[in-house]
Every structure is written in structure tokens, then in C-alpha cells.
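Student: I have a structure here, written as C-alpha cells, and I will follow up with some questions on it.
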Amino acid sequence: MALASVELTERTGSELRVDKAALLSGEFVQDIRSLLVQRGVLIVRDIHFTDEEQRAFARSLGDLRLGTVKQEGDEGLLKVTFDEKVNPEYAKFFFGSQLWHMDGTYEEVPPFATILTPRVLSETGGQTEFANNYAAYEDLPEAERTQLDRLKVIHTMQAALFPGKPDCTVEEFALWHSYPNREHPLVWQHRSGRKSLVLSTSASHITGMHPAESRYLLQRLMVHAAQPRYVYRHNWRMGDLLIWDNTGTMHRVLPFPPESGRQLHRFTLNGEEGVTAVG
Ligand SMILES: [Fe+2]
């Protein structure tokens, strides 16, 4: 049986028409992985996974990240919430999720994909948006692509978080600054042959470029990549399953009232290839 899917926007996001038993059978793993990389985000409605089912499904797709922020027995489960009682470590950084970003840009090999399900939803806001960094790159003029192909970018935690909390304390800023920086090529030549922008709010500056020119270029690329034609906005419903390809998309959450208790359960798959410059 073929995997049925419907495109949600022209460039980004597809909905799979498949039931829970078929998802857990492993039958569609290769189809799902290749569609994920083509479309950036996949969703399935009315799945209602338990944590165990969500973990088993994640494991079937790739190498499950056990992570640094986990509680005993959670085996890779991350509770995405503002609530410090539920996940004190994550709540400290969650405000940064409202800005366009890729996860793990501080790592040599950023995570491949993330699998999300909602557990508590806010009545207002809290949608998650995804922007397709393959499509944004492919639409640039050829001369510009050739220039960008040669550039390298430094990603830092303070670049990622300061715009989301400019009234931070000196101690918070010092904590962000204590995290290691990472240089990546601006354009990722994936093993598949496709190229994408490695764009994220964490992009601090371009190596060797005048700071003013570097800021202008990074901001202009961000405005380009976040245009509605590259973006899929997900309106959450209980029972949803969502998977995104972190290597070729950015994501952000739209604001919602913290007292709503909004909570998503998340499993992450380790990266399978480093960010490789255009050869
Ligand atoms: Fe994120």
C-alpha cells in the first residue's frame, strides 16, 4: 500500500493519511523519511499517541536522542512548556522559541528531526510555524547563491536569546555567553545533493565580514526566508502528530498565555550528517 499524503502549502508541509497501527508497524519508515526531507514538516491528525507509542515511532525513524535535559526514566522525552514545575531547565530558555530558529546550531551535527504531540493546548495562540530553508535558498538568484555558498556563520546562544529577552539580567546574559559558539557554512550541501540555508536567530555574524554588512545580510536573508510562501503554520488539535526536518527548516512558536499550561511532548532524532559546505 502506498502512503497517502496531501500538500498543506505549495512549498512546505504535508498531511499524511495513515492510521496509528500503520505508523507503528514500520511499514512506511522510508516513505516518511523521504517525504519529510522533501516537505520539511509532516502532520497526522487524530493519532493520540501515548508517550511509549511516540517513542517507539521516533525510534523507528532514526537514532533517538536521549538528551541532556531529561528526568529519570524519560528516555528521550522532553516536555515542552513554560511551566518551571514541569521542566525547570527547559522553561528558562523557552522564550527563545518564539524567534525563528533551527535547533542545535551550537552542535557539530545538528539534530535531524523532531516528533511532537500536544498534551495541553492554549485556547489562543501557540501555533507552531515552519519555514522551508531549501526553498528559500533555491529561489535566490544564481549569482547570489554562488556568493552565499562561500560564507561561514558563527552561531551563539546570546544571539539566539537576547532578541527575545532584551531586559535580561547580567547573570542571564553571562550564562548564555558561557555556552560554546559554533561556526557553520551559511549554505548546507546535504548528502542528498540539495542545498539549504543554515539560518537561525542564533546566527551572530559572518566570519571575516564587516559587522554592519554581516548584520544587514543575515537580517535580509531572514526576511526573505520567513516570507509566507515558505511558511506552514500549524494550528494544533489534540491527537496530532507532527514531525519536522530540523536540517532544512526553521521553526518558531507564536505567543500564547503562559498560564494556559500549554505542553507538548517531544522526541528528537540525532543528526546523521554534519553541516557540509558546498564543494
Ligand atoms: Fe526549537
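Student: Would you confirm whether or not region 187-209 contains a residue that is more than 23 Å from Pro111 (Cβ to Cβ) and outside any loop (DSSP other than H, G, I, E, B)?
Tutor: Narrowing region 187-209 to residues more than 23 Å from Pro111 (Cβ to Cβ): 205-209.
With outside any loop (DSSP other than H, G, I, E, B) added as a condition, the list becomes 205-206.
Yes, region 187-209 contains a residue that is more than 23 Å from Pro111 (Cβ to Cβ) and outside any loop (DSSP other than H, G, I, E, B).
Student: Kindly evaluate Arg220 against the criterion of being surrounded by fewer than 22 Cβ atoms within 10 Å (Cβ to Cβ), under 30 Å from Val18 (Cα atoms) and away from the ligand (no atom under 16 Å from the Cβ).
Tutor: On the way: surrounded by fewer than 22 Cβ atoms within 10 Å (Cβ to Cβ): yes; under 30 Å from Val18 (Cα atoms): no; away from the ligand (no atom under 16 Å from the Cβ): yes.
No, not satisfied.
Student: Anything in region 157-179 that is outside any helix (DSSP H, G or I) and more than 15 Å from Asp103 (Cβ to Cβ)? List them, or say none.
Tutor: Taking region 157-179 as the starting set, the residues that turn out to be outside any helix (DSSP H, G or I) are 165-169, 178-179.
Hits for region 157-179 are Lys165, Pro166, Asp167, Cys168, Thr169, Ser178.
Student: Could you tell me which residue of region 84-93 is nearest to the ligand (Cβ to nearest atom), considering only residues that are touching a residue at least 12 places away in the same chain (Cβ under 8 Å) and surrounded by fewer than 18 Cβ atoms within 10 Å (Cβ to Cβ)?
Tutor: Kept after step one, since they are touching a residue at least 12 places away in the same chain (Cβ under 8 Å), are these residues of region 84-93: 86-87, 89-90, 93.
Filter once more, so that each one left must be surrounded by fewer than 18 Cβ atoms within 10 Å (Cβ to Cβ): 86, 89, 93.
On the way: Val86: 17, Glu89: 14, Phe93: 9 Å.
In this case the residue turns out to be Phe93.
Student: For region 15-32, enumerate the residues that are within 16 Å of Phe112 (Cα to Cα) and surrounded by 16 or more Cβ atoms within 10 Å (Cβ to Cβ).
Tutor: Matches in region 15-32: Ile32 only.
Student: Considering each residue of region 80-121, count those that are assigned to a loop (DSSP other than H, G, I, E, B), farther than 19 Å from Pro257 by Cβ and of a type in the set (Val, Ile, Thr), and give that number.
Tutor: Residues in region 80-121 being assigned to a loop (DSSP other than H, G, I, E, B), farther than 19 Å from Pro257 by Cβ and of a type in the set (Val, Ile, Thr): 2 in total.
Student: What are the pairs, 6+ residues apart or on separate chains, where a residue within region 125-151 that is in contact (Cβ under 8 Å) with a residue 24 or more places away in the chain and within 10 Å of Val187 (Cβ to Cβ) has its Cβ under 7 Å from a residue that is of a type in the set (Phe, Trp, Tyr) and assigned to a helix (DSSP H, G or I)?
Tutor: Arg145/Tyr137
Student: Check whether at least one residue in region 228-235 is touching a Gly at 6+ places or on another chain (Cβ under 8 Å) and away from the ligand (no atom under 16 Å from the Cβ), and report yes or no.
Tutor: no
Each reported figure results from applying straightforward, stated rules to the coordinates on display, with no laboratory input. Note that the structure is a prediction, hence the values are computed from the model and not measured. Quick reminder, even Gly has a Cβ in these numbers, built from the backbone with ideal geometry, and neighbours come from all protein chains shown.
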